[in-house]
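**Student:** Just passing along the structure, written as structure tokens.
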Amino acid sequence: MRMQLLKRIITPVLAILLLTSCASMSSGVSVGETNYSGQQIQKVVDEILSARKDIDTTAMQLTQGPELLRDQAQFLIVTALLDEIAKEKNIVVTKADVAARRADIVINVGGESELPTALVGANLAASNLDAYLKVLIISERLDAFFINSGTPEAEAPALVAKAVTDMATKLGVEVNPKYGKWNPTNASIDASDATDGAVTPLP
């Protein structure tokens, strides 16, 4: 299914990169000097939920409820960490790079008219697509950096994950406890510790 194609392109990279440790804070999420408010995260979630109303989602496996909030918070963490790593490693991703990757995605899903359905199926917000593609490109170039430095290809993904973990430690990662507690073991925000299980506006 076309929407699953986009999900397959992005999800494995995020699964590798979501390896950080964090503490609690009163706002949304914070990575070093980068802060995302609860309202910013909620806005993305609202966009995703709104887009689903216009799409037949009966055959899709969608992230719903508070997990959608946690997924978006985790992605924002990864985005900030990868941006910092890119600066440190002199990895430059231009608008043209992102546009080219977007064009590839459009071809793969069957055309521009199919993109909204693909985004819904991948639990993505259209407004954040460029950010997702930039994360993907940075991670690929970081992987290539390690390979070109002599690392065996099979071992490079582990070094990418370690680079993200090291940057998280360097900058400090904090998450509003309303989302739950960050669990570095499985690289997710643990739902069992969340103080609010509803998808409602956050402070």
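**Student:** Does residue 175 satisfy the condition of being surrounded by 15 or more Cβ atoms within 10 Å (Cβ to Cβ), at pLDDT below 95, under 15 Å from residue 77 (Cα atoms) and among the hydrophobic types (A, V, I, L, M, F, W, C)?
**Tutor:** Answer is yes for this residue.
**Student:** On to the next question. Of all residues being of a type in the set (Gly, Ala, Ser) and within 12 Å of residue 85 (Cα to Cα) in the range 134-163, which is surrounded by the fewest Cβ atoms within 10 Å (Cβ to Cβ)? Just the residue, please.
**Tutor:** Here the answer is 161.
**Student:** When you scan the range 36-60, how many residues do you find that are in a loop (DSSP other than H, G, I, E, B), surrounded by 12 or more Cβ atoms within 10 Å (Cβ to Cβ) and charged (D, E, K, R)?
**Tutor:** Number of matching residues: 0.
**Student:** Test of understanding: among 168, 122, which residue is small (Gly, Ala, Ser), under 29 Å from residue 59 (Cα atoms) and at pLDDT below 95?
**Tutor:** Of 168, 122, the one residue that is small (Gly, Ala, Ser), under 29 Å from residue 59 (Cα atoms) and at pLDDT below 95 is 122.
**Student:** For the range 77-114, how many residues meet the condition of being in contact with a helix residue (DSSP H, G or I) (Cβ under 7 Å, 6 or more places away or on another chain), under 28 Å from residue 61 (Cα atoms) and either open to solvent by 10 Å² or more (accessible area, probe 1.4 Å) or aromatic (Phe, Trp, Tyr) (or both)?
**Tutor:** Residues meeting the conditions: 9.
**Student:** Identify the single condition in (1) surrounded by fewer than 19 Cβ atoms within 10 Å (Cβ to Cβ); (2) farther than 29 Å from residue 143 by Cβ; (3) at pLDDT below 90; (4) out of contact with any strand residue (DSSP E or B) (no Cβ under 6 Å at 6 or more places or on another chain) that residue 25 does not satisfy, given that it satisfies every other one.
**Tutor:** Looking at each condition in turn, residue 25 falls short on (4).
The values are calculated or read from the model by the stated rules, or taken from the named source; none is laboratory data. Here the structure is a predicted model, which is why all the values come from computation and not from measurement. Using ideal geometry, Cβ is built from the backbone for each residue, glycine included, and neighbour counts are taken over all protein chains shown. Accessible surface is based on the protein model in full, side chains and every heavy atom, while ligands, DNA and RNA are left aside. Shrake-Rupley method; radii C 1.70, N 1.55, O 1.52, S 1.80 Å.
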